[in-house]
Amino acid sequence: MNDEELGEVLRAVLAAADPVPQAALQAAYESIGWRDPDSQLALLDSDPMLQPAHLRGRPSRLLTFRTGSIVIDLEVSEADGQVRLLGQLDPPQAADVVVQSASGSRDLQADNQGRFAAEGLPDGWMRVLVASGNAEGARVTTEWFRP
Amino acid sequence: MTTGLEATICDVADFDPVAAVAAAASGDQRAWEAIVSAYSGLVWAVARGYRLPAADAADVFQGTWLRLVEHLGDIRDATKLGGWLATAARREALALLRRTSRSLPVDDLEAMFGAVGGTSTAVEDELLRTEEHQAVWQAFGQMSGNCQRLLRVVFADPPLRYEEISAALDMPMGSIGPTRLRCLATLRALFTQTAAN
């Protein structure tokens with residue numbers, strides 16, 4: 001076997017012994033369904049590590065997402081395989097908030113101070129949509145993040 | 001929704017990333033499936049190259065595609081899509097390693113998680129039809145992490161262009177050739193040894 005042949009054998013071996021799992025591939029094919037061109041993307045601008053907020057589980061993190069019009073601060077913590085979000089909108093405002101993930105959506109409401117919270121979310125990729133009631137009315141979506 | 005099978009059957013050589021990204025950005029499911037089919041091997045190779053267990057690699061895989069959907073509208077040069085995906089997958093893999101073992105800096109993590117895979121299980125052996133293939137898989141598992149990572153990307157399925165390999169490995173194109181030669185020589189030596197036993 002020359003190098004080219006050995007390489008081609010290895011390609012076949014890797015594809016057979018360690019293929020992309022079918023479920024992961026199917027989820028990738030379906031992920032185009034999350035396309036949301038009409039909403040503004042709020043980009044993650046910091047992910048500092050916080051002091052452990054719980055005695056058990058992983059420490060919490062404060063994620064800050066920004067667009068021109070709004071800042072979304074999220075404190076994300078995870079315990080026993082479930083995720084808790086505490087959110088703060090800046091400027092503070094009442095708004096409809098949706099937490100989206102591959103396993104479903106959770107509708108929330110930010111109060112007049114721009115605060116919202118969700119518990120018992122499944123551990124996995126998620127993002128937060130904010131439809132503020134203000135005059136601009138633009139929907140803002142955070143980048144996907146992983147608790 | 002189609003199953004993705006048609007896209008898989010599509011001739012990979014006909015795949016045009018520029019047209020596919022433009023169509024997918026306006027919601028074309030078939031074009032999106034063609035993109036996933038063309039680069040799923042690359043994204044998986046990068047994730048597994050960090051010695052991530054299958055569940056974590058699947059997490060990185062999922063995050064990388066979500067990231068692309070999010071940024072479909074602002075890919076400037078879709079001819080570099082493979083490089084874009086490889087970089088995104090690498091970033092997600094390192095982020096996952098940081099999340100799961102927080103106190104270690106990236107360099108230590110890379111060293112620690114250096115080598116991937118290796119020991120073959122009964123299931124894998126069953127998937128590998130011939131003794132030769134089993135011996136190659138076992139030999140692969142005995143190689144250094146750096147060689148495993150490089151060879152996974154160089155021999156990803158479907159195959160990649162050189163500049164995509166370079167981006168996936170974060171290595172200049174000029175040093176891939178010599179490293180590839182060295183790693184293949186190591187693989188051959190280990191394979192010959194395994195086959196002799």
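The values are calculated or read from the model by the stated rules, or taken from the named source; none is laboratory data. Owing to the predicted nature of the structure, the values given are computational and were not obtained by experimental measurement. Please note: Cβ atoms are built from the backbone with ideal geometry, for glycine as well, and neighbour counts cover all protein chains shown. All accessible areas refer to the heavy atoms of the entire protein, side chains included, with ligands and DNA or RNA removed. Shrake-Rupley method; radii C 1.70, N 1.55, O 1.52, S 1.80 Å.
So here's what we get for this one:
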quantity	calculated
Elements of type helices (runs of 4 or more DSSP H) contained in segment B:127-197, each with 1 or more residues being surrounded by fewer than 18 Cβ atoms within 10 Å (Cβ to Cβ) and of a type in the set (Phe, Trp, Tyr)	B:162-169
Qualifying positions in segment B:27-68 - within 8 Å of another protein chain (Cβ to nearest Cβ), open to solvent by 40 Å² or more (accessible area, probe 1.4 Å) and over 17 Å from the mean Cα position of the chain (by Cα)	B:Gln29
Checking A:Ser101 against (1) at pLDDT 95 or above; (2) within 14 Å of another protein chain (Cβ to nearest Cβ), the condition it does not meet	(1)
Where A:Gln113 falls short, out of the listed (1) surrounded by fewer than 21 Cβ atoms within 10 Å (Cβ to Cβ); (2) of a type in the set (S, T, N, Q); (3) touching a strand residue (DSSP E or B) at 6+ places or on another chain (Cβ under 7 Å)	(3)
Among residues of segment A:96-110, those that are open to solvent by 50 Å² or more (accessible area, probe 1.4 Å) and either in contact with a Pro (Cβ under 8 Å, 6 or more places away or on another chain) or among the hydrophobic types (A, V, I, L, M, F, W, C) (or both), counted	2
Residue in segment B:40-49 that is farther than 30 Å from A:Ser39 by Cα, outside any loop (DSSP other than H, G, I, E, B) and at pLDDT below 90 present	yes
Test: residue in segment A:95-107 that is over 16 Å from A:Phe145 (Cα atoms) and acidic (Asp, Glu)	yes
Matching option when the condition is out of contact with any helix residue (DSSP H, G or I) (no Cβ under 7 Å at 6 or more places or on another chain), under 23 Å from B:Ala58 (Cα atoms) and open to solvent by 40 Å² or more (accessible area, probe 1.4 Å), among A:Pro122, A:Pro91	A:Pro122
